């Protein structure tokens with residue numbers, strides 16, 4: 001059975017990992033400082049809790065959802081309790097916050113979600129835009145982050161500024177364009193090195209959240225905020241151990257930013273994923289999981305015994 005809040009097109013999923021992720025999605029009413037009422041926040045929790053080990057918290061990229069981690073999360077949860085969370089304004093979480101859906105709002109909502117669901121230091125994993133969100137979160141809430149993992153992360157360049165100039169009706173036209181199946185298929189294909197992975201199931205996973213109420217409005221509001229600015233100058237302040245994983249064939253962000261991150265972060269290590277594009281967690285989940293689990297095993301825990 002699938003959760004009732006998912007759109008009916010969830011029935012079109014065919015891959016076992018996609019179906020399992022859909023069936024595992026649940027929701028919590030999160031009390032947050034950015035809204036007068038609790039916000040329904042969707043997440044997937046897998047694995048066994050262990051007080052001696054930090055849980056893993058997965059943050060998706062732009063215009064995405066917890067489905068982004070459908071192949072990686074089961075592998076990580078073999079050894080660690082693992083959460084994937086839909087950020088404010090994205091995925092299947094509530095879009096009625098009445099806010100601007102800015103990076104500051106997203107950060108506050110994520111902190112309140114972490115405090116409500118986990119309330120322990122985590123291994124924070126961010127992919128693409130989620131990487132920028134993860135770095136920002138680690139800087140603002142150091143008590144919440146034990147280690148950091150960046151998957152083909154944004155954050156070196158500024159977010160798109162075009163959104164600041166979107167005015168009706170062009171804002172709605174822009175999101176309608178992004179919603180077109182042909183456009184999303186093209187974007188999906190460019191994210192993979194192996195184009196065969198841009199399957200019907202993958203396209204369904206990437207489009208399910210588009211059917212949620214207020215998708216247009218939240219995406220427009222986030223884009224108009226300017227998105228995530230460059231955090232390049234702040235990277236030296238990130239003191240937690242950081243693992244950088246990067247697809248060697250990334251056609252979305254390229255590969256130069258991986259080296260910038262590795263040079264700027266004080267306590268980092270960089271590993272390349274061969275024959276892989278922008279989404280190693282989807283294209284090479286076994287290799288990605290192996291690197292992450294080796295990373296968390298190799299670092300001494302900062303949690304109390």
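No value in this document is a laboratory result; all are computed from the given coordinates. Being a predicted model, the structure only gives us computed values, none of them experimental. Here Cβ is always computed from backbone atoms with ideal geometry, including for glycine, and neighbour counts include all displayed protein chains.
The figures follow:
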read-out	value
Residue exposure sequence - 281, 209, 60 - by fewest surrounding Cβ within 10 Å	209, 60, 281
Cβ-Cβ FRET estimate between residue 33 and residue 120, R0 fixed at 30 Å, reported to 0.05	0.90
Identified option (computed log10 I(q)/I(0) by the Debye sum over Cα atoms at q = 0.08, 0.09, 0.16 Å⁻¹; candidates [x] -0.39, -0.49, -1.34; [y] -0.49, -0.59, -1.24; [z] -0.31, -0.40, -1.46)	[z]
Centre separation in Å (Cα based) which lies between the stretch 203-262 and the stretch 47-79	17
Selected from 14, 113, 239 as most flexible by GNM, with the chain as the system and alpha-carbon contacts under 10 Å	14
Mean residue ellipticity (222 nm) of the chain, computed from DSSP H runs ≥ 4 via -39,500 (n - 2.57), nearest 500	-10000 deg cm²/dmol
FRET efficiency for residue 234 and residue 214, using Cβ-Cβ distance with R0 set to 35 Å, rounded to 0.05	0.65
Spin-label pair residue 48/residue 185, simplified geometry with 7 Å Cα→Cβ offset, distance in nm	4.5
Inter-label distance for residue 19 and residue 157, nm, one decimal - labels placed 7 Å from Cα along Cα-to-Cβ	4.0
Sorted by Cβ neighbour density within 10 Å, fewest at the top, the residues 259, 197	259, 197
Share, in percent, of DSSP beta bridges within the chain that are antiparallel, nearest 5	25
Relative contact order [Cα under 8 Å, 6+ residues apart], the chain, whole percent	20
Length released on extending from residue 12 to residue 203, taking residue separation times 0.36 nm less the Cα-Cα span	67.7 nm
